[in-house]
Amino acid sequence: MTTATPLTAQDEKTWIPLVLYTLGGVLAFVLVGFALLFLAPLVQLAGVVLAIVAGVKAGQAGTFRYPFVLRFLK
């Protein structure tokens with residue numbers, strides 16, 4: 001049977017990085033969530049505005065290309 005050795009000062013501080021990494025991960029998750037919460041309505045509004053512009057152009061027998069669209073096929 002082995003005997004347990006007493007903890008050193010370094011061994012007692014091993015929980016600090018774990019707590020900091022966990023706190024950083026949760027904080028990053030929350031901050032990204034808040035950024036997306038405010039960004040999503042702006043993207044939806046831009047989609048509605050661009051759809052209206054495309055409809056007006058199509059009604060005038062014109063063409064309209066949506067900006068920021070990746071063209072995979074030519």
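The values are calculated or read from the model by the stated rules, or taken from the named source; none is laboratory data. If you're wondering where the values come from, they're calculated on a predicted model, not measured in any experiment. Here the Cβ is made from the backbone with ideal geometry for all residues, glycine too, and neighbour counts use every protein chain on show.
Return the total of residues in segment 53-74 being surrounded by 10 or more Cβ atoms within 10 Å (Cβ to Cβ) and assigned to a helix (DSSP H, G or I).
6
Could you give every pair whose Cβ atoms fall below 7 Å, whose first residue belongs to segment 15-29 and is modelled with pLDDT under 90, and whose second residue is surrounded by fewer than 10 Cβ atoms within 10 Å (Cβ to Cβ) and among the hydroxyl-bearing types (Ser, Thr, Tyr), counting only separations of at least 6 or pairs across chains?
Filtered contacts from segment 15-29: no entries.
Does residue 38 satisfy the criteria of being within 24 Å of the chain's Cα centre (by Cα), exposed (fewer than 10 other Cβ atoms within 10 Å of the Cβ) and not aliphatic (A, V, I, L, M)?
In short, yes.
Given (1) β-branched (Val, Ile, Thr); (2) loosely packed, with under 10 Cβ neighbours inside 10 Å; (3) more than 27 Å from the chain's Cα centre (by Cα), identify the lone condition not met by residue 19.
(3)
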